Amino acid sequence: MHPHHLIYLETNGKEIRFDIFITDDFSNLHDVKQVYGLVLSKDKSSVLVVREKNGMWILPGGTVEAGETLMDTLVREVKEETNRDLAIQTAKPLFYQNAYQKNVQGAWEYFRTEVRFSVVVENDNEFISDPDHGNIIEAKWVSITNLEAFLDWGETTTLIKRLLIHR
């Protein structure tokens, strides 16, 4: 399986590479650090995005806590960050990415694996607040066709749109 190689410059100027693998099965992955959801509206035309205090729009999700399954993390993080409940039976693995950063010698060094699920919202509750230090300040539905206006991730956003449209 060949990844899509993408380079992303973080706000602190660190160069990060994500090797993305499209798959419908996460069972062979080990030591996954982060889980994010492409939460779809009931009609599957929109995706839920969240805005951080720094103004950046991202997908709801976060770090796997001790004892959690990937699905546990997805459900907890989406609830914390958006106040939405998920229709768990609709959750499907979409892709995973291995993240690398350059070390002091300039070589790429692996630092984490992240997974992305697509899942349909069950209860579209209103956003209240993020209990995790209040880093998320807004949750918003965005049309899949307009996703790049919120997720400025270049080829990754294009890939996400293509995968969601074909789901």
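Based on Cα contacts under 8 Å between residues 6+ apart, the chain shows a relative contact order of 27 percent. With the convex hull of the Cα atoms taken as the outline of region 80-146, the averaged projected area works out to 7.0 nm².
When all alpha carbon pairs of region 4-165 are counted in 5 Å bins from zero, the resulting P(r) reads 2, 9, 18, 22, 22, 17, 8, 2, 1, 0 %. Residue pairs exceeding 29 angstrom between C-alpha atoms, taken from Lys14/Lys44; Lys42/Lys102; Lys44/Lys102; Lys79/Lys102; Lys44/Lys79: Lys14/Lys44; Lys42/Lys102; Lys44/Lys102; Lys79/Lys102.
Within region 4-165, antiparallel bridges make up roughly 85 percent of the DSSP beta bridges whose residues both belong there.
Among Met71, Met56, the order by Cβ neighbours within 10 angstrom, fewest to most, reads Met56, Met71. In summary, the aspartates and glutamates within cross-link reach of Lys161, defined as a Cα separation below 20 angstrom excluding same-chain residues under 8 places away, comprise Asp19, Asp24, Asp25, Asp43, Glu114, Glu148, Asp152.
Each reported figure results from applying straightforward, stated rules to the coordinates on display, with no laboratory input. Quick caveat, the model's predicted, so the values are computed rather than measured. Because the Cβ atoms are built from the backbone with ideal geometry, glycine has one as well, and the counts that use them run over all protein chains shown.
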